[in-house]
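Worksheet for the structure shown next.
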Amino acid sequence: MVNSAVDKTGSAAYRGWFNGLLGVVIFSGSLPATRLAVLEMSPFFLTFLRAAIAGILALLLLASFRQPRPHPAQYRSLIVVSLGVVIGFPLLTAMALQHVTSAHSIVFLGLLPLSTAIFGVLRHGERPRPAFWVFSVLGSLLVAGFALTQNASASLMGDLLMLAAVILCGLGYAEGASLTRTLGGWQVISWALILSLPLMLVAAFVARPPTLSTLSTSAWLAVGYVSLFSMLIGFIFWYKGLAAGGIAAVGQLQLLQPFFGLALSATLLHESVSPMMLVVTLGVILCVAGSRKFSRRA
């Protein structure tokens with residue numbers, strides 16, 4: 001009986017890590033795909049269109065599996081998730097990628113797990129050890145220093161937009177992780193998408209360009225990726241991984257996202273990934289790993 005229980009626990013943990021890793025790999029393509037899309041369309045139209053497409057798919061998904069509606073008390077948290085990961089992060093990153101390359105913006109993703117942890121502390125009353133704040137400040141200084149030492153191709157506006165995007169996304173992740181315990185993993189992002197669907201449909205219609213015929217195939221493929229994978233499928237694997245393997249443990253897989261993203265930017269967009277970018281990204285990841293280690297008192 002004991003061995004059977006241990007085997008089941010180990011199997012669940014393995015599935016959690018596997019699904020979490022798939023989610024991180026899918027998310028890693030978001031910024032390169034967004035960069036491709038905003039070269040030919042406005043960040044507002046892209047944000048509204050991707051959310052509208054994903055919202056329609058989420059509606060069909062929930063209807064197919066006959067999922068019950070959320071409890072009234074859960075709607076407030078769902079709105080926070082929607083503002084953070086459905087609207088805020090996609091819109092701010094799309095706006096930022098009009099000023100900076102995807103390779104440059106990916107460095108800021110190293111702060112995303114830290115942002116999530118901080119909102120977990122603020123919203124759930126956790127008391128991290130002092131070393132947590134040391135790693136937090138050091139990681140922030142690394143990112144700020146990197147942004148200030150870049151050449152003329154860098155943009156203060158782009159950097160500020162990326163920082164705001166990371167903050168909102170961290171809030172959305174923390175709120176979504178909490179909801180997952182009661183509502184279910186993939187249901188959280190699906191209901192968040194549906195809540196914003198009416199607004200996104202109207203906004204996409206208003207923000208549409210005069211003609212869509214001039215958009216290239218690569219732009220439409222990018223829209224398809226961020227709508228289907230970044231906004232929906234990635235979250236299904238991600239929240240499933242968090243539920244099976246534990247939020248704290250599987251959440252650390254997100255530290256690999258900057259590496260995957262830089263590789264995609266260099267491969268697909270032929271963007272330059274400087275040695276300094278790699279060094280700073282590695283430094284940020286080490287700082288976030290340290291802050292996660294000391295995020296709770298012994």
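Observations on the structure shown:
- Residue separation of LEU199 and ARG127 scaled by 0.36 nm, minus their Cα-Cα distance, works out to 22.1 nm of gained length.
- Selection from SER64, SER227, THR93, by position along the positive dipole direction of the chain (Cβ): SER64
- Sparsely packed trypsin sites (Lys or Arg not before Pro) within the stretch 27-101, loop by DSSP, other Cβ within 10 Å at most 13: ARG66
- Computed over the chain, the per-residue total of -39500 (n - 2.57) for DSSP H runs of n ≥ 4 gives a 222 nm mean residue ellipticity of -24000 deg cm²/dmol, rounded to 500.
- Net charge dipole size for the stretch 1-146 [Lys, Arg +1 and Asp, Glu -1 on Cβ; Debye, nearest 20]: 380 debye
- In order along the stretch 191-196, the Karplus-derived 3J(HN,Hα) couplings, from 6.51 cos²θ - 1.76 cosθ + 1.60 at θ = phi - 60°, round to 5, 5, 5, 5, 4, 8 Hz, and Gly and Pro are given as x.
- Considering only alpha-carbon pairs that sit under 8 angstrom and 6 or more positions apart, the relative contact order computed for the chain is 43 percent.
- Packing-based ranking of 79-91, 200-212 yields 79-91, 200-212, ordered from highest to lowest mean Cβ neighbour count within 10 Å.
- Note that the stretch 272-277 has calculated 3J(HN,Hα) couplings of 7, 10, 6, x, 5, 4 Hz, one per residue in order, obtained from phi through the Karplus relation 6.51 cos²θ - 1.76 cosθ + 1.60 (θ = phi - 60°); glycine and proline are x.
- Each Cα pair of the stretch 29-143 feeds into the Kirkwood radius, which the Stokes-Einstein equation turns, at 4 °C and 1.567 mPa s, into a diffusion coefficient of 77 µm²/s.
- Dipole size of the chain about its Cα centre, with +1 on Lys/Arg Cβ and -1 on Asp/Glu Cβ: approximately 880 debye, rounded to the nearest 20.
- With the simple model of a label 7 Å out from the Cα in the direction of the Cβ, SER11 to ILE56 spans 4.0 nm.
- Net charge of neighbours whose Cβ lies under 15 Å from the Cβ of MET200, counting Lys and Arg as +1 and Asp and Glu as -1: +2
- Accessible area per residue for the stretch 98-239, computed on protein heavy atoms with a 1.4 Å probe, is 44 Å².
- A simple charge model with +1 on the Cβ of Lys and Arg, -1 on the Cβ of Asp and Glu and nothing else charged puts the dipole of the stretch 111-243 at about 240 debye relative to its Cα centre.
- Think of the stretch 16-133 as a dipole: +1 on every Lys or Arg Cβ, -1 on every Asp or Glu Cβ, centred on the Cα centre; then among GLY55, LEU39, ILE26, GLY55 lies furthest on the positive end.
The values are calculated or read from the model by the stated rules, or taken from the named source; none is laboratory data. Because the structure is predicted, anything quoted here is derived from the model rather than measured. With ideal geometry, Cβ positions are generated from the backbone for all residues, glycine too; neighbour counts draw on all protein chains shown. Just so you know, the surface numbers come from the protein's heavy atoms only, side chains and all, with ligands and any DNA or RNA stripped out. Shrake-Rupley method; radii C 1.70, N 1.55, O 1.52, S 1.80 Å.
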